[in-house]
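One structure is given below, encoded as structure tokens.
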Amino acid sequence: MYINSMGAYVPKERVTNESFEAINGLTPDWIYQRTGIQTRSKAADDENADTMALEAIVNAIPGLPYDIK
């Protein structure tokens, strides 16, 4: 078995550290200093593990060295 192609999918919606200040009182700088994270991806209401996996597959197909059929 070989890995012939790789695909990825990242949801378009982003959540910033500012969003967490009202929830848990942690400042954006506090979060960034400890994690290095400034924003996170957030799945849309119509996205789930299955739909995102299928998008990653669609993204991987053009990299295949053979016809998918």
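Any read-out appearing in this document is the output of simple, stated calculations on the displayed coordinates, not a laboratory observation. Here the structure is a predicted model, which means the values were calculated and not measured. Cβ sites come from the backbone with ideal geometry, for glycine too, and all protein chains shown count toward neighbours.
Tabulated data
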| read-out | value |
| --- | --- |
| Virtual spin-label span in nm between residue 51 and residue 38, 7 Å along Cα→Cβ | 2.8 nm |
| Read-out P(r) over Cα pairs in 10 Å bins from 0, in percent, derived from the coordinates shown; its label in (i) 18, 32, 25, 18, 8, 1; (ii) 18, 42, 25, 12, 2, 0; (iii) 20, 53, 23, 4 | (i) |
| Amide H contacts under 5 Å for residue 9, placed H, 5+ residues apart | none |
| Cα-centre dipole for the chain with unit charges at Cβ (Lys and Arg positive, Asp and Glu negative), debye to 20 | 240 debye |
| Dipole of the chain, positive end: most advanced residue of 6, 38, 49 [Cβ charges, Cα centre] | 6 |
